[in-house]
Amino acid sequence: MERVVNFSAGPSALPLEVLERAQSELINTRTSGMSIMEMSHRSKIFEGILQEAKTRLRSLMNIPDSYQILFLQGGASLQFSMIPLNLLQKDHQAAYIMTGSWSKKAYDEAKKVGQATIVASSEDDKFRSVPDLSSLKLPENTAYLHITGNNTIEGTRISSLPNIGDIPIINDLSSSILSEEIDVSSYGVIYAGAQKNLGPSGVTIVIIREDLIGHAPKSTPTMLNYETHSKADSLYNTPPTFGIYMINLVLEWIESLGGVKEMEKRNRHKAGLLYDAIDQSNLFKSPVNKADRSLMNIPFTTGNDELDKAFVKFAADRELLELKGHRSVGGMRASIYNAMPVQGVQRLVDAMNEFEKTHA
Ligand code: PMP
């Protein structure tokens, strides 16, 4: 069977080369005579793979030595709790920028742990934009500022950071990690679920500045304390070994193409193709404020539910799948992460033009 063009928001398409490589090694990984899934996490081979993945990520993202890379479980959603459990001290408050459903969930979890405040929000604009953060002022007792760098559902991104001095910025990059160059040293913590730009679901990457580790209260459950995973080099308990193996292959694939700089170039080109098609169309519209448009998740609509449905079916008939928008936003959404080839986006643009000719 031919592979389809998969616009899923996550878990999402993986590079075909990576899947083929995993297939070829599946029953005998690195001449061990066993699959990576059957191998002890304390084995030399697995420990080697874990170190390779860390070294590759450090080099691809230019992660300074003063940051640790952790491979955790529980999804980005568990980070919504681990962040305040580890970083929100008594008598301090956590500041949240509200830019969509995921930042709302992060904020709701922080409130369960301590004092959390919304310091900027685009909810009044139905999250079709992100707030201007240029003059953001935070109270002195702010433990950290949490942002959602790319809003998977709403299709927006935060492109410039506020100047808040020494207060660490925590960035949920679940849907845009490795898609464009960023300066890791601007952040206290970066976290991302793997299932969009990194590999299969089940692994969460946490990049954390070392001085932020070791401040959780003694009552913090062992598994929820960053210090546990930092001290054990992500091997405190059995990690998601197959997921980490796949991440290593994806990172190798990114390296082979020229790194994050090249990914960004490709992603800007792909997103440009689709936004141009939307902007030039008399039928399709983007609900998102132009300056805040995501490079990864692109919602669009005809403004008519029946026509939207008809387009999703029209596209599916052409093997362009998973284009139905999130239930909270409606319309369509094309998620075009690193693994989406430019030809996939071009096929979508062609289908939009063809549909418009017969339905406008
Ligand atoms: N944050 C963002 C920005 C997301 O897109 C998602 C998942 N789509 C999550 C958090 C939650 O991730 P997980 O399902 O890994 O818990």
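Just so you know, all these numbers are worked out from the coordinates, no wet-lab data involved. Model, not experiment: these values are computed from the prediction. Neighbour counts run over all protein chains shown; Cβ positions are idealised from the backbone, glycine included.
Using a Gaussian network model of the chain with C-alpha springs under 10 Å, which one of Gly259, Gly114, Gly165 is most mobile by mean-square fluctuation?
Gly165
Over all alpha-carbon pairs in the stretch 152-245, figure out the percentage whose distance exceeds 21 Å.
Values: 1838 of 4371 pairs.
Percentage above 21 Å: 42.
Looking at the calculated P(r) for the stretch 25-131, what percent of the C-alpha pair distances fall above 16 Å? Kindly include the intermediate steps, with their values, before the conclusion.
Details: 4050 of 5671 pairs.
Cα-Cα pairs in the stretch 25-131 separated by more than 16 Å: 71 percent.
In the calculated pair distance distribution of the chain, what percentage of Cα-Cα distances lie above 33 Å?
Values: 20042 of 64620 pairs.
So the portion of pairs separated by more than 33 Å is 31 percent.
Taking the Cα centre as origin and putting +1 on Lys and Arg beta-carbons and -1 on Asp and Glu beta-carbons, what dipole magnitude results for the stretch 221-303, to the nearest 20 debye?
On the way: 9 positive and 9 negative charges, 68 e Å.
Roughly 320 debye for the stretch 221-303.
Which value in deg cm²/dmol, rounded to the nearest 500, describes the helix-derived mean residue ellipticity at 222 nm for the chain, given -39,500 (n - 2.57) per DSSP H run of n ≥ 4 and division by the residue count?
Numbers: 9 runs with 129 residues, N = 360.
Value at 222 nm, helices only: -11500 deg cm²/dmol.
Which helices count as membrane-span-like in the chain under these terms: full DSSP H, at least 15 Å along the axis by C-alpha, Kyte-Doolittle mean of -0.5 or more? Intermediate results must be reported in sequence, preceding the final value.
Working: long enough: 44-61 (25 Å, -0.13); 75-87 (18 Å, 0.91); 101-113 (19 Å, -1.43); 241-257 (25 Å, 1.13); 259-280 (32 Å, -1.15); 305-316 (17 Å, 0.06); 342-359 (25 Å, -0.60).
Those that clear 15 Å and a mean of -0.5 are 44-61, 75-87, 241-257, 305-316.
Over the alpha-carbon set of the stretch 259-359, work out the extent along each principal axis and list the three values in angstrom, largest first.
So the extents along the principal axes, rounded to whole Å, are 41, 28, 25.
For the stretch 1-102, run through the trypsin sites (Lys or Arg not before Pro) and keep only the ones in DSSP coil with at most 16 other Cβ atoms within 10 Å of their Cβ. Spell out each step's value before the answer.
Values: sites: Arg3, Arg21, Arg30, Arg42, Lys44, Lys54, Arg56, Arg58, Lys90; in loops: Arg3, Arg42, Lys90.
Taking the stretch 1-102 and a limit of 16 other Cβ atoms within 10 Å, the loop trypsin sites (Lys or Arg not before Pro) found are Arg3, Arg42, Lys90.
Between the stretch 263-294 and the stretch 1-48, what is the C-alpha centre distance in whole Å?
Using only Cα atoms, the two centres lie 32 Å from each other.
I'd like the distance between the alpha-carbon centres of the stretch 114-187 and the stretch 212-235, rounded to an integer number of Å.
So the two Cα centres are separated by 25 Å.
Which value, in debye to the nearest 20, gives the size of the charge dipole of the chain about its Cα centre, when Lys and Arg are +1 and Asp and Glu are -1 at the Cβ? Write down the numbers at each step before the final one.
Working: 37 positive and 42 negative charges, 74 e Å.
Magnitude of the dipole: close to 360 debye.
Which of the listed residues, Ile118, Gln79, Asn237, is farthest toward the dipole's positive end in the chain, when Lys, Arg count +1 and Asp, Glu count -1 at the beta-carbon?
So the residue we want is Asn237.
What's the magnitude of the charge dipole for the stretch 275-337 around its Cα centre, counting Lys and Arg as +1 and Asp and Glu as -1 at the beta-carbon? Answer in Debye, nearest 20.
Details: 9 positive and 9 negative charges, 28 e Å.
Approximately 140 debye in magnitude.
Springs between alpha-carbon pairs under 10 angstrom, Gaussian network model over the chain: which of Thr142, Thr220, Thr156 fluctuates most?
The residue that fluctuates most here is Thr220.
Please tell me which of these pairs span more than 25 angstrom C-alpha to C-alpha: Lys104/Lys218; Lys105/Lys231; Lys54/Lys270; Lys54/Lys231; Lys105/Lys324; Lys112/Lys218? Numbers along the way, then the final one.
Working: Lys104/Lys218 28 Å; Lys105/Lys231 29 Å; Lys54/Lys270 28 Å; Lys54/Lys231 15 Å; Lys105/Lys324 22 Å; Lys112/Lys218 18 Å.
Over 25 Å apart, Cα to Cα: Lys104/Lys218; Lys105/Lys231; Lys54/Lys270.
Connecting C-alpha atoms closer than 10 Å in a GNM of the chain, tell me which of Ser230, Ser59, Ser175 has the biggest fluctuation.
Evaluated over the chain, the most mobile residue of the options is Ser59.
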